[in-house]
Structure formats: structure tokens, C-alpha cells
Amino acid sequence: MRGLRLITAVVVLVATYLLGSFFVGQSAVQYVPVYALLSLGRVALVYFIALAVGLGFGILAATSKTAERILVPIFDIGQSVPILGYFPIVLTFLIILFPAGVGNEIGALFLLFTAMEWDIFFGVVGAVKAIPSSVEEAARGYGFSGTNHLRYVVLPAVLPALLSASVLAWNDGWTFDAASEFVQFANSAGQLTTYFVPGLGYFITHSLNMGNLAASWFGVLVMGEIIFISNQLIWHTLQNKVAKHKPLLASVIRDDFQSPLRLRKRFRRIFSFRLRQSGQEVRATNQLSTRVVALIFVATLAFIGFLAYANLPISAVEGFVAALTTPDGQIYNVPLYSLFTIGRLLAAYLTCVAISLLCAVLAVTKKNFYRYFYPLYDLGRSVPYLAVFLPLFVTLHASLPAGFAQEIASFILLLLAMVWYLLFNVVTAARALPTELTEVSAVFRVSGWRRVTDIILPGVLPAFITGSLLAWGGGWNVVIYSEYVQIGQSAPYVLPGLGYLLDNAAYVLGDIPLVVFFLFIMSGIVILLERLVWRRLLKRVERFGVEFN
Amino acid sequence: MTAQPTGVNASPRPAGAPILSVQHIVKVFRNGSEVKAIDDVSFDVNYDEFICIIGPSGCGKSTLLRIVAGLEKADSGQVIFRGAPIAKPSPKITMVFQTFGLLPWKSAMENVELPLEVAGIAKAEAKQRAERYLRMVGLGGFENAYPHDLSGGMRQRVGVARALALGPEVLLLDEPFSALDELTAKSLRVLLLKIWGDPALPTNNFVMVTHNVEEAVMMADRIIVLSPRPGHVVGELRVPLPRPRFEHLRDPLFFQTVDKLMGMLSSTTEEQM
Ligand SMILES: Nc1ncnc2c1ncn2[C@@H]1O[C@H](COP(=O)(O)OP(=O)(O)OP(=O)(O)O)[C@@H](O)[C@H]1O
Ligand SMILES: [Mg+2]
């Protein structure tokens, strides 16, 4: 069975290559296998680094209170800041610091690391914390300690969660591969700079620069195939193996399919300082921290706004203010452009909402929904959306004006980045709705629209809000990528938005304080939206959730 | 031709005919493997009767009830209600669920109102009726409470009010007390018997599934005993105790009836007790 799948995978890849040679051109695609291997090596290397770091720090944070107090906030902040937002700064620093070539490579690896690490770290923390106390006590009773304890209790207990987190990390790593391998921008003098490391992501963008759209799409196809195949061959196989031990670890994972995001939801809770320990919810400084974040954010904004507009000569901050208020920095555009970016996210989000709620209804009402849903979901998750963006934009631009093409490509990018979180959570919840509710609606003849509004939608609401929270997090990360596009020598294509301001500050102006300022604004909006909108809603509906026992 | 009506809006009763007739029901579940759940079960429910169905776990009691409710299709056989076969759920036959089946996002009131509104009853009228039934089950003052604020017993009271508010003729109950503690169960049994015997209510025919022998003897006119899976009727017991039953819980006759039922049950199971 496994051998057969392996052979099928190889045949598909070889056939893709041959077709590519035939249709796209032998010379254009001849190095694609090498690039694919290089990207695979990079993603795999970073995965193992992320695994080591996540396991080490995760177990430490889960077992030591002091370590937890230090590590969890650090990792929490790390994952709250949109990765693609601070990538430009990091890259700029690395390239100054290291000799030519090395800086790029470290930058690429670093971006991949930040794309992969959080899932694994929080996966480990959650799983160790979820080890039933009976197991812990039994282990202590048998005198397990130190390495024995780690080997026979902690690691096996963490394994399922680690696998689920690994699937997420692996997919996120591939998704960000395209962004990490090729960075290109023109500075204010119009001088083009390119940082790249060889790999599939590089190939996809480079082909576009060469004007070879077909080759670019071919690169996307190969990348998608590699993601799909590695998911099927590696992760599904491992998960099935681990599934055997699951009854013991039921508190961690219910189902192969639903585990990853369930876990994520769990960790999101953990680092909102609402610790779920043995059924008891310990609520600490959550309320306070939200207020503090909001207060600091608003105060700083007001202060900077005041300085920027009044242009007060305060010597200590003069240099910074000067940097902020350069006309090219466009700081006056922040309020409006923030709204544009939020609007872009909102449009994609509302589409995701429509799709996922429709699927929730279908999941409850159509018997064989899952037969089509799961394969499609697997396939859809394999689409490396960041890699798709540029060739998609160029393809659309062939027949549409640039701004319009970029908006559509951005919309599709955001849709692909956001929809899976919502779909996954909502469909899983619809599937888990107690059959008694189905019977209640049948006995009392609640059908049609009434059934949708009174039973199905409220039933999936908590999962829907969790999914929304995750979707917005994912969306912020990629919206930056879509607002600033540099292809070949032409002038950059831009959409008015925070991401554009950020990229402009980083690449065109090379103004670090300004980049930090925009990052600050963006992170502030992200955190505030999460705290003020999603967490509040979640708390409100949680008590109306269906009880699963 | 017609007997005397007992309820406020009781329908005519054809003499001699039962209100509900379960005829040769066979049910096989097929998903991958075949599980025969019910094997040729027949019994009648006469007007004003309280029927209990008892049998070992997994013998198909819930399945049988769900077929009567029109939730599940039998492979063969049929259920006749007032002369016509049941094909789908009807407002004349409602159900009380083992784990209550309340919608957690609706208040007690809204839970009771929903089926009324769905049945096309005007909002004001539905509200009034829901209030009346909630008061009847002892939940006056809890109209706006949500299920998670209510105790298990109170939740089941909401479940009962919801099932009765439509004014059904047959009430189906699937182990309605098994998720409750004994004291709570006791008071709910009394409540249900009161409702069953209330001539002002149209709901006078109860079919209740239970595991509990004493409970069956305390409540039923007639008890249908099912065999282990695949369930078939191994016997039927008419409870000879006069009502109200809770005045006779110390009678030797009560214990004799319980013993007899125990005997019937254990004779059907392999492992003798
Ligand atoms: N939807 C279904 N698909 C497959 N098998 C089913 C289904 N529903 C019930 N069964 C099987 O049919 C048999 C009878 O189930 P049922 O729930 O009716 O038993 P029961 O008498 O109510 O048991 P209990 O006393 O535990 O409630 C069981 O073996 C059960 O596993
Ligand atoms: Mg049952």
C-alpha cells in the first residue's frame, strides 16, 4: 500500500517534469528538480531546527513555572507580529552583518523558522500540560524520573500533538518558501536590488522576471505536488501509526483530522493567560493586559500623531520625528491605509464566512458531504498560496488594469490564506453536533431556514469564532505581501495599505525607525482586533456551546 | 361508535382499535457490517395507556422508539397511528430525550416556543402557551434561564414542557430519568404520572423506554419485555397495582410484580443472575 503510493508519487512527479519540458520548454525547467530538492532541504532543515527548539523550550515551559512565565510571552509576541512585516528589517540587518550570500540564506532560513516554530512550541506546551495527572502519578509511583520520565511519559504523550503541529508547520513552511527565497525591490533612486537563494520559490519569481509565465505556474504546480505528496506519504502515515495510542491520550486529540486546529485553539487560550488546568480555568491578568495593550497603543498613537502633525521641536525625539514625517514615509496615510487593508481582509473574510457557513449547513444536511469535503480540503490546503500570488497577478494583469488585477490576486491570496481555518473549525463542529439535536429538529419538525438559523448556525458558532480569530491572524500575515509587488525592472505595483507603507519604508526608503513604527501600528491593530473582537465574542458564546461528552 | 372524550380537545376514538399499533417491525443497520437491532416486534398501545418498554442494553429500545417517532425507517413492518401508517414525524407524537436535547443557545422559554412557532402558531399565542407549560412542570420564574444555568432535573422539565406544548396524543420517552440522580428522578416520575392522568391535557398515551425495573412497575399499565439484540418481544406484563402507585410501593404485590419482571428479563439473558 505504502510502496504503491510512493511509486504513484514518483510517477506523478516525473510525468509533471516531462510535461513541463514539453509544454514550457526543456531549457526553462531543466533545473526545477534541483530547485525542488534545495527547497525541500531548506524546509526540512528548518523543520528539524524548529522541532528541536519547540520540544526543548516547550517541555521546559510546560514543566517549569518560571520558564513558562518567560517563554510563553516571548513566543506569544513572536507569533502575534506578522512575520512578513518584520522580514524586511531582519533581512536588511543580516545582509549588512554577513558576507554576501550567507545573509540571504540565513534570512530565508529565519523566515521559514518563524513560519514553523509557533505551532510546534505551543503544540508541545499544550500536550505536556494535558498529560492526565493519573499518568503522571503512576509514573511517579513507579519511580520514573529524569530521562526515563521524558522517554516513557512525556515524549509518547507529546507525540500526537507534535505530529499535528508538524503538519501545520510543514505546510506553513512551504507556503512561506516562496516569500523567503526571493526578495526584490527598487530603492528611491530606482535601483533594483535582488536578494535570493536558489530554490522553487526563487524559480517561480525569477521566471516571472524573465517574462516566462508558464514556467512560473509550472513551479507552483511542482510545489503544490510536493506539499500534497509529503502530506500524504509522511504525515498521514505517521498520524495513522500514532493513532493507535490515542485512546490513552484522548484528552489531547479526538481525531486525526480535527486535531491541528483544535490544538491551536487550545494554545491560543493558554497564551491569553487563561490556563486550562485539570478542568479548572485559571484566569489571570487577561482583562488587565487587554486594557494595558489598548492604552499603550492608543497613547503612543496619539503622541506620535501629535508630534507628526504639530511637528513640535522636541530635541530628544527630533531625529525619529524627522524620519517619521518625511513626505515619502506617508505617515499621514496611516489611518486611511489601515482602513484599506482592513477592508481587503474584511472582503476576503466575509467570503470565507459565506463559504464555511454553507459548508456547515451541507455537512449537517447532506449525508455524503464528507466524502467530497475531505479530499477537497486536503487538496486545497496543498496550494502554496504565497507562491500562487505573483503568477496569478501577472496572468490577470494580461487582461486587466494593474490595480484591479492586484486587488483580485490579493483577494484570492487572502481567501486561500483564511478560508481553511474557518472551514476546518466550522465543519468539524458541524460534524460533532450531537445526533440528539438532529433528532430534536426532526421530532419538532424544525426544518428549512428555521433549522439553519435556530439549530445549525448557533451550534457551530463557537467554532466559527475560533476559526475567525485564526483566519484573521493568517490574513494579516499575507496581506502585507500582496500590497507591494516588484516584477522585473518596471515600477512597483502597489495597493494603498499598511503593507505597502511598510514595504515602502523598508525597501525604498531603507528607514528602520519608520518600519518599526508601521510594524507597531500593524501589530497593535492585530492584537486589539483579536482581544477586543474575537476573544470577547468567544467568551460570550462559549457558555452557549453544545456540551460534548 | 365513539367513546367519551377525556381531553379538552380529544379526537374521536374508534371502539376497540388501539391508538398505536406496532406491527412486525424489523430493523437492520447496515454500515459496513450488518447489525440486526430489532427482530419482528409487535405490540399495541391502547387509549389512555402508559406503556413501558424494558430490555437489556443494546436490544433496540431506542431504535424502536425512533421508528415510532418517524425518525427512522423500519426494514419491514409498520407502525399504525389512528389507522394510518407513520412515515414521518408528526406533531401528534412527540418525544422526551435521555439527555434532554435542549438547545443551549435558547432560553427555557425559547426552547419550548420553537416547535410551536414552527407549527405555525402566532408568536403571542406561542409565548403564552410556553409560559403555561413551563409553569405546569414547575418552572414558573425560570422562563429566561438558559439550559446551562439549570440543574439536570430542571432541564428535563423543560424537555417535558417542550414535548407537551404541542398537545400531542402520544408522548415517547427514552430513558428520561437515566441522566438524573435518584431523588430528582423520583419527583419527575410523580410529575409525569400527574400529567398522564390529567384529563385537562390531550396527552394521555405514554410510551416510555427504561432500564429500571422498579420504575417500570411504578409507572406502567403494561410492560413490554424485549430480548437481547436482536430485540423481540419475550413477554408482556400487566401491572396489577392500583393507582396512585406511590401509595402502594410497600405492598407485597409491588415486590411480587418486580420479581416477576426480573424473572422475565433474566430468562432472556444468557447470564443468569
Ligand atoms: N445508527 C446506527 N447505526 C448502526 N448501528 C446502530 C445505530 N443505532 C443503533 N445501532 C445498533 O443497534 C443496536 C440497538 O441500539 P439501541 O440504541 O436501539 O439500543 P438500546 O436498547 O436503546 O440500548 P441502550 O439501553 O444502551 O440505550 C445496538 O447494537 C446499536 O449498536
Ligand atoms: Mg437507548
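Here are a few things to note about the model shown:
- Out of B:Ala145, B:Ala165, B:Ala161, one residue alone is more than 16 Å from ligand 2 (Cβ to nearest atom), in contact (Cβ under 8 Å) with a residue 24 or more places away in the chain, out of contact with any Phe, Trp or Tyr (no Cβ under 9 Å at 6 or more places or on another chain) and within 13 Å of another protein chain (Cβ to nearest Cβ). It is B:Ala145.
- Scanning the range B:206-217 for residues that are crowded, with 23+ Cβ neighbours inside 10 Å and more than 16 Å from ligand 2 (Cβ to nearest atom), we see that the one that is farthest from B:Leu193 (Cα to Cα) is B:Val217.
- Considered as a group, the residues in the range A:38-87 that are of a type in the set (S, T, N, Q) and in a helix (DSSP H, G or I) include one that is surrounded by the fewest Cβ atoms within 10 Å (Cβ to Cβ), and that residue is A:Thr66.
- Residue that is surrounded by the fewest Cβ atoms within 10 Å (Cβ to Cβ), among those in the range A:327-350 that are among the hydroxyl-bearing types (Ser, Thr, Tyr) and in contact with a Leu (Cβ under 6 Å, 6 or more places away or on another chain): A:Ser338
- Some residue of the range A:415-427 being surrounded by 20 or more Cβ atoms within 10 Å (Cβ to Cβ) and within 14 Å of chain B (Cβ to nearest Cβ): no
- You will find that of A:Ile408, A:Ile456, the residue that is over 30 Å from B:Ala163 (Cβ atoms) and of a type in the set (Val, Ile, Thr) is A:Ile408 and no other.
- Residues of the range A:435-454 that are at the interface with chain B (Cβ under 8 Å from one of its Cβ atoms) and either touching a residue at least 60 places away in the same chain (Cβ under 8 Å) or closer than 30 Å to A:Ser338 by Cβ (or both): A:Leu437 alone.
- Subset of the range B:113-125 [assigned to a helix (DSSP H, G or I) and facing another protein chain (nearest Cβ under 10 Å)]: B:Leu114, B:Pro115, B:Leu116, B:Glu117, B:Val118
- Any hit, the range A:30-40, residues being within 21 Å of A:Ala108 (Cβ to Cβ), modelled with pLDDT under 85 and within 24 Å of the chain's Cα centre (by Cα): no
- Flag if B:Val118 is crowded, with 16+ Cβ neighbours inside 10 Å, without any contact (Cβ under 8 Å) to a residue 12 or more places away in the chain, farther than 25 Å from B:Met219 by Cβ and more than 18 Å from the chain's Cα centre (by Cα): yes
- B:Gln128 meets the conditions (1) crowded, with 19+ Cβ neighbours inside 10 Å; (2) out of contact with any strand residue (DSSP E or B) (no Cβ under 6 Å at 6 or more places or on another chain); (3) of a type outside the set (Gly, Ala, Ser) in every case but one. The failed one is (1).
- The range A:9-19: number of residues that are within 30 Å of the chain's Cα centre (by Cα) and surrounded by 13 or more Cβ atoms within 10 Å (Cβ to Cβ): 5
- Failed criterion for A:Ala430 (all others in (1) modelled with pLDDT of 90 or more; (2) more than 14 Å from every other protein chain (Cβ to nearest Cβ) hold): (1)
- Filter result for B:Ala130 (touching a helix residue (DSSP H, G or I) at 6+ places or on another chain (Cβ under 6 Å), within 16 Å of ligand 1 (Cβ to nearest atom) and either at the interface with another protein chain (Cβ under 8 Å from one of its Cβ atoms) or at pLDDT 90 or above (or both)): no
- The single condition among (1) more than 16 Å from ligand 2 (Cβ to nearest atom); (2) farther than 30 Å from A:Glu542 by Cα; (3) not β-branched (Val, Ile, Thr) that B:Ala69 does not meet is (1).
- Candidates B:Val68, B:Val112, B:Val79: the one that is over 22 Å from B:Asp39 (Cβ atoms), at pLDDT 90 or above and not hydroxyl-bearing (Ser, Thr, Tyr) is B:Val112.
- Subset of the range B:82-102 that is away from chain A (no Cβ under 14 Å) and in contact with a strand residue (DSSP E or B) (Cβ under 9 Å, 6 or more places away or on another chain) - its residue that is modelled with the lowest pLDDT: B:Gly83
- Some residue of the range B:220-236 being more than 16 Å from ligand 1 (Cβ to nearest atom), exposed (fewer than 14 other Cβ atoms within 10 Å of the Cβ) and of a type in the set (D, E, K, R): yes
- Residue list for the range B:33-66, filter: more than 10 Å from ligand 1 (Cβ to nearest atom), surrounded by fewer than 18 Cβ atoms within 10 Å (Cβ to Cβ) and closer than 23 Å to B:Ser267 by Cβ: B:Asp40, B:Ser42
- Residue in the range A:471-494 that is over 25 Å from A:Ile83 (Cα atoms), polar (S, T, N, Q), away from chain B (no Cβ under 14 Å) and part of a loop (DSSP other than H, G, I, E, B) present: yes
- Out of A:Pro458, A:Pro513, A:Pro462, one residue alone is more than 25 Å from A:Gly403 (Cα to Cα), more than 12 Å from every other protein chain (Cβ to nearest Cβ) and assigned to a helix (DSSP H, G or I). It is A:Pro513.
- Search result, residues across the range B:67-81 that are within 14 Å of another protein chain (Cβ to nearest Cβ), part of a loop (DSSP other than H, G, I, E, B) and either touching a His at 6+ places or on another chain (Cβ under 6 Å) or buried (at least 17 other Cβ atoms within 10 Å of the Cβ) (or both): B:Ala69, B:Gly70, B:Leu71, B:Glu72
- Test: residue in the range B:14-32 that is more than 22 Å from B:Leu192 (Cβ to Cβ), modelled with pLDDT under 90, within 15 Å of ligand 1 (Cβ to nearest atom) and more than 14 Å from every other protein chain (Cβ to nearest Cβ): yes
- Residue, nearest to ligand 1 (Cβ to nearest atom), within the range B:169-205, restricted to residues that are in a loop (DSSP other than H, G, I, E, B) and surrounded by fewer than 18 Cβ atoms within 10 Å (Cβ to Cβ): B:Ser178
- Residue list for the range B:74-89, restricted to those being within 18 Å of B:Ala119 (Cβ to Cβ) and touching a residue at least 24 places away in the same chain (Cβ under 8 Å): B:Phe81
- When residues of the range B:33-66 are limited to those that are within 13 Å of ligand 2 (Cβ to nearest atom) and among the charged types (D, E, K, R), the one farthest from the other protein chains (Cβ to nearest Cβ): B:Lys61
- Qualifying residue in the range A:364-372 (condition: under 19 Å from the mean Cα position of the chain (by Cα), more than 30 Å from B:Thr94 (Cβ to Cβ) and basic (Lys, Arg)): no
The values are calculated or read from the model by the stated rules, or taken from the named source; none is laboratory data. Worth saying up front: this structure is predicted, and the values here are computed from it rather than measured. All Cβ positions, even for glycine, are placed from backbone atoms using ideal geometry, and neighbour counts span all protein chains on display.
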